[in-house]
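Below is one structure, written out as C-alpha cells; comments come after it.
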Amino acid sequence: MAEHPAYPVGLRLAGRRVVVIGGGQVAQRRLPALIATGADIVLVSPSATPSVEAMADAGELRWERRPFADGDLSEAWYVLIASSDTEANTRASAEAERNRTWCVRSDNAEAATAWTPATGRSEGVTVAVLTGRDPRRSAGVRDAIVEGLRDGSLVAPRHRTRTPGVALVGGGPGDPELITVRGRRLLAEADVVIADRLGPRDLLDELPPHVEVIDAAKIPYGRYMAQEAINNALIEHAKAGKAVVRLKGGDPFVFGRGMEEAQALAEAGIACTVVPGISSSISVPGAAGIPVTHRGVAHEFTVVSGHVAPDDPRSLVDWPALARLRGTLVLLMAVDKIGAIALTLIAHGKSPSTPVALIQEGTTAAQRRVDATLETAAEAARTGDVRPPAVIVIGDVVSVGASSGGDSGSGDGHDDPADGPDRG
C-alpha cells in the first residue's frame, strides 16, 4: 500500500464525530486544527498534557479519562491514534478498519489508512503537503509555500469577483524588511499603489509590471489640496474595481492622516482595511541603540509632532507639561523646530544637560546618529547637517546604550505631515 501515493482530500468535519486516542504531545499538536474544523471531538485517554486538559476545560472537546475500549470508534468519521499503548493502538486501528473509518496512527504510519499532511494557512488558503515517508521534507515544502504566500513572493491571482477596497498599509520606518507580513502580501496583490515619499520605496521595485504606482507627493493641486486629492484618488480607483494599497511610512495612524483617509473612504462606501505598521517613534531609536523605556531610567515615553513651533497658534501640544515629565520624549517632524522646542522645554524646567539624540534615516543603510544635549541640540543639528526624515529622542535613555552610526547619509525633502511623517 505504501508503494502507491496517498490521495489528497479535504475533510469537512464540522459537527461530525472525531475520536482521538491519547492526550500527549502528538494530540496537543493536532487538536487545535481539528477543533478549528468544528468537529465533535471525543478524547479517550487516562491522562493529558496541561494544554490538552485546558482544551477540555474550555469545552472544546469531551474528555473520557480512561484507556481505549472496544466500541469507542462507533459512528466516528475520523480517528487519530496517538497513545503510548501499542496494544491499544493496534486494537483501535483494527476497529477503525472494520468500521471503514479513516484512521491516522502516529506510532505506525504504514498501519494507518490516512496520513496527516504538513499543513499551513495564509489568508483563507490551506496548504497541505504529503511526501510519503519524509515528514521533514513535507514540513519544509509547506513552510516555503506558506512563507511565499505571506510575504507576497508567491502570488496566485484571485479569479472570482472580489469586493473593491483600499488597504491603508503602514510600511514601517524605512527598511523594506520591516513591513508586516500582511502588508507585503497586500502589496503583492494590489492593482494600484499610492505611495508616500517616506514609505519603503525599495518595495515598489518588487511589484509586477501591471501595477500602477502613484506618487502621492506628486498628486496635483498643490500641498493644500494634496490630502483631498489623495482621498479622491483612493476612491476613484477603488470604485473602478481595483485593489488599492495606500502605502504610508511608519504607522498609518501615527501622524499619518490615516483616519482622514479611512473616513473619506467610509463616506464613499468603500471598504477599508487598516494594516498597522512599525512606528518610527519606537523602532528608529531602537535601531540606534536607544530604548524608549528602561528599568530605573524611564517609565513612560511621549511621542510628539514637532511640525509646528511651540509658540505657533496651531500647536496642540502642552509643552510646559512635557517639560515636567521625567520619561522619554520622542519628536517626529521636528528637525527645523528643534531649537525653538529645546528653548521652550528649558524655559519650563527641563535641564539644559538632558541628553538628546538625532537619528536620521533610521533603519536604512543611510542611518546616522548625532548626539547632543538639549542646550546644544539646535547647533548639533545645524553643524551635523541633520535633515528629515529624522527622529529626535530627548531623555536619559539616550545615554543607556552605546552610540552608533556614521557620518554619511542625508534625508530628502522637508517635513510634511501629509507625507508619511511617522518616519520623522
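The values are calculated or read from the model by the stated rules, or taken from the named source; none is laboratory data. Predicted, not measured: the structure shown is a model, and the values here were computed from it. Reconstructed Cβ throughout: ideal geometry from the backbone, glycine too, with neighbour counts over all protein chains shown.
Within segment 336-362, the set of residues being in contact with a Lys or Arg (Cβ under 9 Å, 6 or more places away or on another chain) and crowded, with 24+ Cβ neighbours inside 10 Å comprises Ala342, Ala357, Leu358, Ile359, Gln360, Glu361, Gly362.
Assess whether Val141 counts as being modelled with pLDDT of 80 or more, among the aliphatic types (A, V, I, L, M), surrounded by 13 or more Cβ atoms within 10 Å (Cβ to Cβ) and assigned by TED's automatic domain parsing to the domain that holds Leu247. Taking the combined requirement at face value, the residue does not satisfy it.
Name the residues in segment 293-346 that are touching a helix residue (DSSP H, G or I) at 6+ places or on another chain (Cβ under 9 Å) and polar (S, T, N, Q), would you? Result: Thr293, Thr302, Ser305, Thr328, Thr344. Scan segment 405-419 and tell me whether some residue there is in contact with a Phe, Trp or Tyr (Cβ under 9 Å, 6 or more places away or on another chain), of a type outside the set (Val, Ile, Thr) and modelled with pLDDT under 90. Yes; the residues of segment 405-419 include at least one that is in contact with a Phe, Trp or Tyr (Cβ under 9 Å, 6 or more places away or on another chain), of a type outside the set (Val, Ile, Thr) and modelled with pLDDT under 90. Look at (1) in contact (Cβ under 8 Å) with a residue 60 or more places away in the chain; (2) more than 20 Å from Ile338 (Cα to Cα) and you find that Ser305 fails only one, number (2). Could you tell me how many of the residues in segment 86-116 are among the acidic types (Asp, Glu) and under 43 Å from the mean Cα position of the chain (by Cα)? Count: 2.
Table: residues versus (1) part of a helix (DSSP H, G or I); (2) not β-branched (Val, Ile, Thr).
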site	(1), (2)
Ala262	yes, yes
Leu265	yes, yes
Gly269	no, yes
Val274	no, no
Ser283	yes, yes
Gly296	no, yes
Val304	no, no
Ala309	no, yes
Ser315	no, yes
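Do we have Glu260 as in the same structural domain as Leu186 (by TED's automatic domain parsing), more than 23 Å from the chain's Cα centre (by Cα) and farther than 20 Å from Ala390 by Cβ here? No. Scanning segment 190-200 for residues that are at pLDDT below 90 and farther than 18 Å from Pro276 by Cβ returns a single hit, Arg197. Within the set Arg382, Arg324, the sole residue that is touching a Gly at 6+ places or on another chain (Cβ under 8 Å), at pLDDT 95 or above and either among the basic types (Lys, Arg) or not assigned by TED's automatic domain parsing to the domain that holds Thr302 (or both) turns out to be Arg324.
When you check Leu322 against the structure, is it part of a helix (DSSP H, G or I) and more than 28 Å from Ala366 (Cα to Cα), yes or no? Spelling it out, Leu322 is indeed part of a helix (DSSP H, G or I) and more than 28 Å from Ala366 (Cα to Cα). Residue pairs whose Cβ atoms lie under 8 Å apart, separated by 6 or more positions or on different chains, with the first residue in segment 2-22 and outside the structural domain of Ala111 (by TED's automatic domain parsing) and the second basic (Lys, Arg) and assigned to a loop (DSSP other than H, G, I, E, B), are Ala2/Arg133. Residue-level check: of (1) among the hydrophobic types (A, V, I, L, M, F, W, C); (2) outside any loop (DSSP other than H, G, I, E, B); (3) within 18 Å of Gly23 (Cα to Cα), Ala96 misses just (3). All conditions in (1) touching a Lys or Arg at 6+ places or on another chain (Cβ under 9 Å); (2) surrounded by 15 or more Cβ atoms within 10 Å (Cβ to Cβ) hold for Gly38, with the sole exception of (2). Sort out which residues of segment 347-402 are of a type in the set (Asp, Glu) and not in a helix (DSSP H, G or I), and write them in order of number. Of everything in segment 347-402, those that are of a type in the set (Asp, Glu) and not in a helix (DSSP H, G or I) turn out to be Glu361, Asp371, Glu375, Asp385.
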